[in-house]
Amino acid sequence: MTLINDLPQLAALDAADRAHLIHPVSPWRLHEQRGPTVLASGRGAWLTDANGNEVLDAFAGLWCVNIGYGQESVVQAAAGQMRRLPYATGYFHFSSEPAIRLAEKLAQLAPGSLNHVYLTLGGSEAVDTAVRFITQYFNATGRPTKKHCIALERGYHGSSSTGAGLTALPAFHRGFDLPLPTQHYIPSPNPYRASNPDDAQGIIDASVAALRNKVAELGADNVAAFFCEPVQGSGGVIVPPRGWLKAMRDAARELDILFVVDEVITGFGRTGPMFACEAEEVVPDIMTLAKGLTAGYVPMGATVVSDQVYAGIADGAPDGAPVGHGATYSAHPVSAAVALEVLRLYEEGGILANGQRGAAPFAAGLDALRNHPLVGDSRHRGLLGALELVSDKDSKRGFDPSLRLAERIAATAYRNGIVFRAFADNILGFAPALTYTEAEFELMFARVKKTLDDVLAAPEVRTALAS
Ligand code: PLP
């Protein structure tokens with residue numbers, strides 16, 4: 001089916017979308033008025049929409065298509081598995097070759113004793129699984145009061161009914177009766193908003209102290225775990241100082257709480273190494289994965305647990321009793337076959353190494369935009385980065401929401417042939433595929449700059465800037 005230039009078909013699709021398709025995290029009534037941008041195909045770093053517009057994807061879909069679009073070997077892996085065995089349950093001791101090989105591979109790649117892998121449908125289910133395993137673990141090991149979880153302000157841990165409470169973004173709580181009484185937050189390690197952005201150790205110490213204080217306030221016997229992203233993604237790409245993750249890990253160990261690292265975005269080369277934990281030699285108790293695991297080609301996530309957590313649950317269950325956690329599509333063989341091929345492309349295919357080479361031009365391109373009148377901050381690790389726009393570089397004041405700056409930027413960017421993430425608080429998120437070429441980085445930054453210039457040309461935006 002080709003949509004391009006078929007206007008009646010496009011109009012029908014547009015109407016059907018508005019009438020029937022509920023979009024994730026969207027303003028429903030506003031979407032009905034606006035309608036969808038229908039994407040039709042993708043190749044490499046490029047997307048083509050149903051009107052035939054070609055746009056450069058600087059966000060890897062939703063920070064997931066790390067290998068770029070159109071990797072034929074991945075398509076073949078999926079098709080081959082579908083022909084051989086499109087479905088195999090993991091219930092009743094059944095298994096499938098790709099699921100087994102993937103679990104083994106992830107256990108090899110994951111640090112330390114993270115040797116046990118539960119395969120999910122995506123990141124939200126991976127976080128939800130982590131929460132359920134933690135509850136089971138402390139009940140099974142005779143510490144049933146340990147129920148409270150601590151996470152970071154502006155953290156994102158998905159959209160399940162418990163995970164959305166660990167997520168600390170207002171839209172995920174409003175009207176959903178969240179957070180739960182067992183969910184708590186400490187401030188983000190955000191250098192740009194710190195009183196002294198250059199004092200890395202001070203920022204780390206403040207975070208450690210906040211965790212200690214929160215645990216003391218709740219009582220160590222009541223706290224189960226600390227959840228964090230190594231770089232906070234959906235909260236605005238907040239990049240903590242190097243050493244932060246390690247310091248938090250050490251503090252969690254000392255406080256006798258589990259340390260859960262949510263690598264849903266940062267995993268699979270997004271920040272350089274296979275996992276962000278590696279860069280700081282951190283071994284969490286539980287790691288959650290998704291996105292880059294299958295590069296978005298099919299849905300899959302994973303919850304990887306340490307020997308200790310695994311044994312606590314396994315040996316705590318009554319003899320022969322099942323651990324009641326599972327889903328029809330757990331360890332889906334087609335997703336597992338895709339993940340195995342994607343992992344092969346990262347390693348043998350050289351995509352991880354290409355992503356690491358891209359970190360320098362990516363950083364340079366973002367940092368060069370610091371001079372732009374709209375830009376207050378640029379930050380990045382590997383191929384995960386952001387620009388924060390401010391109306392006053394000295395006070396770091398944002399913009400009046402009535403300006404709808406993020407929406408203007410997203411629309412202008414699209415007209416300029418580029419997509420990235422324009423967060424509501426005027427932080428622009430970037431996560432190019434790890435396959436980007438030098439020429440694509442050049443084009444990306446030329447288009448980002450033109451977008452900022454175009455938006456700045458609007459008189460009301462100019463007026464909003466501090467003179
Ligand atoms: N955890 C983190 C850190 C994420 O960034 C996301 C998604 O963006 C999730 C969990 C949820 O993953 P999913 O959208 O696959 O459910």
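Just so you know, all these numbers are worked out from the coordinates, no wet-lab data involved. Bear in mind the structure is a predicted one, so any value in this text is a computation, not a measurement. As a convention, Cβ positions derive from the backbone with ideal geometry for all residues, glycine included, and neighbour counts pool all protein chains shown.
For this structure, a couple of remarks:
- Our estimate of slack between Glu460 and Thr328, defined as 0.36 nm per intervening residue step minus the Cα-Cα distance, is 42.2 nm.
- Listed residues Ile427, Ala406, Phe445: farthest to the positive end of the dipole of region 391-451 (Cβ charges): Ala406
- Per residue, the convex hull spanned by the Cα atoms of region 34-115 measures out at 183 cubic angstrom.
- Once the Cα gyration tensor of region 107-228 is diagonalised, semi-axes √(5λ) in Å: 25, 18, 18
- Of Lys246/Lys291; Lys105/Lys214; Lys105/Lys246; Lys214/Lys246; Lys146/Lys246, pairs whose Cα-Cα distance is over 29 Å: Lys105/Lys214
- Within the shell of other residues whose beta carbon sits under 13 angstrom from the beta carbon of Ser391, the net charge comes to -2, with Lys and Arg scored +1 and Asp and Glu -1.
- Debye-sum result for region 201-354 in log10 I(q)/I(0), which assumes one identical scatterer on each alpha carbon, at q = 0.15 Å⁻¹: -0.93
- Sequence-separation-based contact order of the chain, relative, with Cα cut under 8 Å and 6+ spacing, percent: 19 percent
- Stretch gain in nm, segment Met82-Arg357, where the contour uses 0.36 nm per residue and the Cα spacing is subtracted: 95.5 nm
- Only the Cβ atoms of Lys and Arg (+1) and of Asp and Glu (-1) were treated as charged; on that basis the dipole of region 345-467 about its Cα centre amounts to roughly 220 debye.
- Per residue, the Cα convex hull of the chain amounts to 152 Å³.
- Panel order for Cys277, Cys149, by other beta carbons found within 10 Å of each beta carbon, from fewest to most: Cys277, Cys149.
- If you model region 221-307 as an ellipsoid using its alpha carbon gyration tensor, with each semi-axis the square root of five times an eigenvalue, the axes come out at 22, 15, 11 Å, biggest first.
- The average projected area of region 351-466, computed from the convex hull of its Cα atoms over all directions, is 6.6 nm².
- Long-range HN-HN contacts of Gly376 with modeled amide H, under 5 Å: Glu388, Leu389, Val390
- Less than 5 angstrom separates the built amide H of Tyr185 from those of Ala151, all sequence-distant by 5 or more or on a different chain.
- For Thr271, residues with placed amide H under 5 Å, excluding near neighbours: Leu383
- Neighbour net charge for Arg462 - beta-carbon separation under 14 angstrom, K R +1, D E -1: -4
- Region 385-396 - phi-based ³J(HN,Hα) in whole Hz, Karplus 6.51/-1.76/1.60, Gly and Pro as x: x, 8, 10, 10, 8, 9, 8, 8, 5, 6, 7, 6
- The mean of 1/r over all distinct Cα pairs in region 9-77, once inverted, gives the Kirkwood hydrodynamic radius of 13.7 Å.
- Arranged from fewest to most other beta-carbon atoms within 10 Å of their beta carbon, His173, His20 become His20, His173.
- Neighbour cut-off at most 12 other Cβ (10 Å), DSSP loop, chymotrypsin sites (Phe, Trp or Tyr not before Pro), region 394-431: none
- Each residue of region 418-432 was assigned a 3J(HN,Hα) from its phi angle through the Karplus curve 6.51 cos²θ - 1.76 cosθ + 1.60 (θ = phi - 60°); the sequence is 8, 10, 9, 9, 10, 6, 4, 8, 6, 9, 9, x, 10, 8, x Hz, with glycine and proline shown as x.
- Each residue in Glu460, Glu341 was given a count of other beta-carbon atoms within 10 angstrom of its own, and listing them fewest first yields Glu460, Glu341.
- Each Lys and Arg adds +1 at its Cβ and each Asp and Glu adds -1 at its Cβ; summed about the Cα centre, the chain shows a dipole of about 480 debye.
- For Asn190, net neighbour charge (Lys/Arg +1, Asp/Glu -1) across residues whose Cβ lies under 13 Å away: -2
- For region 73-347, the Kirkwood hydrodynamic radius comes to 19.1 Å, computed from all pairs of different C-alpha atoms.
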